[in-house]
Amino acid sequence: MSITQIVAITLLAGSRMAMPSQSQEPKSSVRESVSVSGTVERADRSTRTLTLRTSSNTTEMITVPPEVKLFDELKTGDRVTVREIQSVIVSVNPGTKPSLPVDTTARATSRDPSGRSDVLQQLKAAVTVERIDRSKSLIVYKTSDNQRAMRTVVDPRLLEGLKAGDVIEITYTRERAVDLQRAR
């Protein structure tokens, strides 16, 4: 499972109400701008993909559009902050079994009415909630292949009513970077 998939599942997994006896309307976070800071490990000029080391054991790949000129100047070791657009949809469906992430990018459409951003990746997965720390907006979940992850949930509203044992279906949509700055 890639770091992007884990991050996606993390953001998405932070969500939904206790498992009901019938399906509930999906809960979604507002489309929001998310900042990611890290050290450049690689800048692939041909695909305009930036690989950032965000912690000792985490990297993230971000696609940067041609209009963001700073990308062309970056080199390994530079510290940067990237702002990108993300959205999360979470739903609880009785009988859902945990699943591996499925890439649904081809069916996705951008939520940006201006048409400025393109959907770069959309993933869907079902995960089992193991633990929640609402005070820190953290969630621990397990995927269908028994991989455990602990993640910060960007939108704490997605944790409302969630409890250990819930199986949540999540859809994570990531769009192009909209800003790139050197870290100071």
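Return the total of residues in the range 68-108 being under 23 Å from residue 48 (Cβ atoms) and touching a strand residue (DSSP E or B) at 6+ places or on another chain (Cβ under 8 Å).
21
Does at least one position in the range 56-67 carry a residue that is in contact (Cβ under 8 Å) with a residue 12 or more places away in the chain, in contact with a strand residue (DSSP E or B) (Cβ under 6 Å, 6 or more places away or on another chain) and not in a strand (DSSP E or B)?
yes
State all residues of the range 135-169 that are at pLDDT 85 or above and not in a loop (DSSP other than H, G, I, E, B); if no residue qualifies, say none.
Within the range 135-169, 135, 142, 167, 168, 169 qualify.
The values are calculated or read from the model by the stated rules, or taken from the named source; none is laboratory data. If you're wondering where the values come from, they're calculated on a predicted model, not measured in any experiment. Using ideal geometry, Cβ is built from the backbone for each residue, glycine included, and neighbour counts are taken over all protein chains shown.
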